[in-house]
Amino acid sequence: MKYSMRLRTAFVVAFMWLASASIAAAQTVIAIETAHDADFSAIVAHSFSAQQSVRTLGRVAHHADVVPMATLAPDGRALALLNVSNSGEPRRHTDLLLFDIATAQSRVLLTGLQQVPAAFSADNREVFVVRSEAMPPPSDEETRHGRLEDERLTVLAVDARSGRVREVNSDIAYMLHPIGVAHSSELIAIRASWGGGSIVAIDTRSGRTRTLVRSSMDAFRDASLSTDGLSVVALRRDARSNDVVRVRIEDSVVETIATNVSSDAAPIAVGASSSLLTSAHTDVRMIGPGSVFTLWSNGNARWLHAIAATNDARLIVLESIGSASRETLVLQTQTGACAPLSVPSNVVVHVAGIAGALP
């Protein structure tokens, strides 16, 4: 009886939270859509309001084996595309393209980058990217103990209008994977090195770097910045457990919000203090302060993954793999409707972000 009351209370809290959240007249999923082995991708807008609509905004040519990485600007007006040309490879020969959604025009801002996600500044004026240079390989002894090849990784800030470039900082590590820019104006990134994994905050003016949370393992994946930019949610793996943690950026206080989850769980921060998480590869759950509730369940899925959501969780994009199909689904939590995006069967979808009505 007590469990039933707690569950009922969680659902009431969930309903009130969703009902009180504001929503724009339309929400638009911006996606990069690529047919198998194609050497170009379409940039497509899927809009959801009273009626659903699909519009191709443009397309981008690229290496047939490497799909562009795309990040939507905070104001929803532009995409930063990290694109590998036909003559290049991802570690050294990636171009930064800025795609204007209103005009469908793109221009190259910088070349010779590493293909990791770009991050926009909060005011949309700068794009943060990473340049990679090879370092001497590890010794035979280090290789036997599992050491990989280090990279000299330089964070660059690129002015979105002029293309002017300034160096933010330089590091030696295996990987530096930007997540976004926090309320403090620091660039938040996942860092992996021989010494282990960490989530770091990089001051975008001084280059000073703070470690928010670390592990002796290469242990962090799929981190997500909260809407208010004050915390980051991440999956932390270690030898004992896979846990979802929330780290406060101001003072590095760590809160464990879910334990013993799947090793490929990918939490998404929603609003200021809630998170989306797929459970048992079939359920989509909302973890909020003092409550956990299921938003949607698909018993037919072998693998279900939340990949994007609006700030109020009214619209959630999911990837679902079943016995016969792989689909990108859109769940509208206000109505409970869940349907696949309208794409050809041989197309792979990569979501760049969710915007309001298109400009």
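Could you tally the net charge around residue 277, taking each other residue with its Cβ under 10 Å from the Cβ of residue 277, Lys/Arg +1 and Asp/Glu -1? Counting the neighbours of residue 277, the net charge comes to 0. Each Lys or Arg adds one and each Asp or Glu subtracts one; over the other residues with Cβ under 10 Å from the Cβ of residue 341, this totals -2. Give me the distance between the Cα centres of segment 182-249 and segment 43-108, rounded to whole Å. Rounded to whole Å, the Cα centres lie 26 Å apart.
In loop segments of segment 221-303 as defined by DSSP, the trypsin sites (Lys or Arg not before Pro) with at most 16 further C-beta atoms inside 10 Å of their C-beta are 240, 302.
Taking a point 7 Å from the Cα of residue 45 along the Cα-to-Cβ direction, the residues of segment 83-111 with backbone N closer than 19 Å to it are 98-107.
About the centre of its Cα atoms, segment 59-158 shows a dipole size close to 340 debye [charges on the beta carbon of Lys, Arg (+1) and Asp, Glu (-1) only; nearest 20 debye].
What accessible area per residue, rounded to a whole number of Å², is obtained for the chain using a probe radius of 1.4 Å?
Values: 17250 Å² over 359 residues.
Heavy-atom accessible area per residue stands at 48 Å².
Both the radius of gyration and Dmax for the chain are 20.4, 65 Å, in that order, over alpha-carbon atoms. Computed from label points 7 Å out along Cα-Cβ, the spacing between residue 252 and residue 61 is 4.8 nm. Surface composition of the chain: carbon plus sulfur atoms hold 50% of the accessible area, using a 1.4 angstrom probe and ignoring ligands, DNA and RNA. Sites count as exposed loop sites when they are GluC sites (Glu not before Pro), lie in a DSSP loop, and have at most 15 other Cβ atoms within 10 angstrom; the longest stretch of the chain without one is 1-148.
Take the Cα of residue 211, step 7 Å toward its Cβ, do the same at residue 149, and the gap between the two points is 2.6 nm.
The values are calculated or read from the model by the stated rules, or taken from the named source; none is laboratory data. All figures in this text were calculated on a predicted structure; none of them were measured in a lab. Positions of Cβ are generated from backbone atoms using ideal geometry, with glycine treated the same way; all protein chains shown enter the neighbour counts. Ligands, DNA and RNA are excluded from the accessible area calculation, which covers all protein heavy atoms including side chains. Shrake-Rupley method; radii C 1.70, N 1.55, O 1.52, S 1.80 Å.
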